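Asks: I am attaching a structure below and will ask some questions about it afterwards.
The values are calculated or read from the model by the stated rules, or taken from the named source; none is laboratory data. As the structure is a prediction and not an experimental result, all values here were calculated from the model. We place every Cβ from the backbone using ideal geometry, glycine too, and count neighbours over all the protein chains shown.
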């Protein structure tokens, strides 16, 4: 299935490589002013790490063709960035720019991941006394909630399963906590959904 989806992309990339050989893609580092090189290396490395975050999101969601394309772009920016560092090892600013780009790319990746937050998360909520109230509150928020009776160490508890869009996990948790200060919540990502209550 992946090869069927990705084949048009592979054909276009192959045609592009034939028309524009890799040798023509090289950045002429020796012609770039020394003061500009660290800036270019910084942006290439930042872009590389940002793409790495997007690629991991695609991998986790099972989007193989998207992960392939992003991985290709990421690898290219990595190679160009490291080539800039190796072209002039005598300039310590190139190395500093490279590691600063690495750190910045991680931060931007986290910001993108938290804002985009694709997919759904499964919340497991255990409440010793207020389970029914929590389940009703979740339903009022438009969330599907399945309440199950379970046995805890100190007696019966309510176990509630609720899946929500990842971007609303914090909001949902903040609505639950005031209802039962002793509530226990775990959250995990859901790769695939089928049937049931959709949000």
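Asks: So which residues in the range 33-75 are touching a residue at least 24 places away in the same chain (Cβ under 8 Å) and not in a helix (DSSP H, G or I)?
Replies: Those that are touching a residue at least 24 places away in the same chain (Cβ under 8 Å) and not in a helix (DSSP H, G or I): 34, 61, 62.
Asks: Scan the range 34-60 residue by residue and report those that are modelled with pLDDT under 80 and either within 18 Å of residue 86 (Cβ to Cβ) or in contact with a strand residue (DSSP E or B) (Cβ under 9 Å, 6 or more places away or on another chain) (or both).
Replies: Answer for the range 34-60, where residues must be modelled with pLDDT under 80 and either within 18 Å of residue 86 (Cβ to Cβ) or in contact with a strand residue (DSSP E or B) (Cβ under 9 Å, 6 or more places away or on another chain) (or both): 34, 60.
Asks: If you don't mind, there's one more thing I want to ask. Does residue 62 qualify as being closer than 30 Å to residue 189 by Cα and exposed (fewer than 14 other Cβ atoms within 10 Å of the Cβ)?
Replies: For residue 62, the condition - closer than 30 Å to residue 189 by Cα and exposed (fewer than 14 other Cβ atoms within 10 Å of the Cβ) - is met.
Asks: Got a sec? Which of 163, 98 is assigned by TED's automatic domain parsing to the domain that holds residue 38 and surrounded by 17 or more Cβ atoms within 10 Å (Cβ to Cβ)?
Replies: Among 163, 98, only 98 is assigned by TED's automatic domain parsing to the domain that holds residue 38 and surrounded by 17 or more Cβ atoms within 10 Å (Cβ to Cβ).
Asks: Which ones in the range 121-161 are part of a helix (DSSP H, G or I) and either in contact (Cβ under 8 Å) with a residue 12 or more places away in the chain or closer than 20 Å to residue 188 by Cβ (or both)?
Replies: 131, 132, 133, 134, 135, 137, 138
Asks: Could you look through the range 82-97, keep only residues that are over 28 Å from the mean Cα position of the chain (by Cα), without any contact (Cβ under 8 Å) to a residue 24 or more places away in the chain and in a helix (DSSP H, G or I), and pick out the one that is nearest to residue 47 (Cα to Cα)?
Replies: 86
Asks: Same structure again: Looking at the structure I just gave you, is residue 113 part of a helix (DSSP H, G or I), touching a helix residue (DSSP H, G or I) at 6+ places or on another chain (Cβ under 9 Å) and either assigned by TED's automatic domain parsing to the domain that holds residue 176 or at pLDDT below 85 (or both)?
Replies: Yes: the conditions hold for residue 113.
Asks: Considering only the range 164-179, I want to know if a residue exists there that is part of a strand (DSSP E or B), out of contact with any helix residue (DSSP H, G or I) (no Cβ under 9 Å at 6 or more places or on another chain), modelled with pLDDT of 85 or more and under 20 Å from residue 126 (Cβ atoms).
Replies: The answer is no; no qualifying residue exists.
Asks: Working carefully through the options 172, 168, find the one that is buried (at least 17 other Cβ atoms within 10 Å of the Cβ) and touching a strand residue (DSSP E or B) at 6+ places or on another chain (Cβ under 7 Å).
Replies: On inspection, the qualifying residue turns out to be 172.
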